[in-house]
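Right, one structure below, let's go through it.
Every number in this text was worked out from the coordinates using simple rules, so none of it is lab data. Predicted model only: the values in this text are computed from it and were never measured. Cβ sites come from the backbone with ideal geometry, for glycine too, and all protein chains shown count toward neighbours.
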Amino acid sequence: MAGKDDLNELKKLLKEDKIIIGTSNTMKKLRANKVSKVWLSANVPVEVKNDIIGYGVDIATLDVPNDELGVLCKKQFSVSVASLVKGEK
């Protein structure tokens with residue numbers, strides 16, 4: 001499980017507008033080898049988590065469920081996956 005540091009890092013990057021939201025957007029960028037880190041909600045579907053693990057990127061599993069992650073990302077829907085594009089740090 002990820003700690004508060006991962007959550008704080010995600011919040012900071014969200015303010016800087018460097019985060020991709022959503023499973024499909026993240027998977028597209030992963031296939032193009034353009035993701036450096038992925039944050040997963042506590043209740044992300046196992047098959048999604050396993051797909052992302054297969055790409056060998058840095059993964060942080062947060063202690064918050066997808067509905068809370070959606071609020072954190074300022075979205076009106078649940079968010080299970082958020083990612084950072086390479087070179088955006």
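Hydrodynamic estimate: the Kirkwood radius of the chain over Cα pairs, inserted into Stokes-Einstein at 20 °C and 1.002 mPa s, corresponds to D of 170 µm²/s.
In the chain, helical runs assigned H by DSSP with n ≥ 4 each contribute -39500 (n - 2.57); averaged across all residues and rounded to the nearest 500, the mean residue ellipticity at 222 nm is -11500 deg cm²/dmol.
Remark on VAL35: its backbone amide H falls under 5 Å from those of LYS86, a criterion applied only to residues 5 or more positions apart or on other chains, H modelled at 1.01 Å from N.
Under the simplified labelling scheme, the LYS28-THR61 pair shows an inter-label distance of 2.8 nm, with each label point 7 Å from Cα along Cα→Cβ. Largest mean-square fluctuation among GLY22, GLY56, GLY70, in a Gaussian network model of the chain whose springs join Cα atoms under 10 Å apart, belongs to GLY56. Taking GluC sites (Glu not before Pro) across the chain, the ones in a DSSP loop with at most 12 further Cβ atoms lying within 10 angstrom of their Cβ are GLU16.
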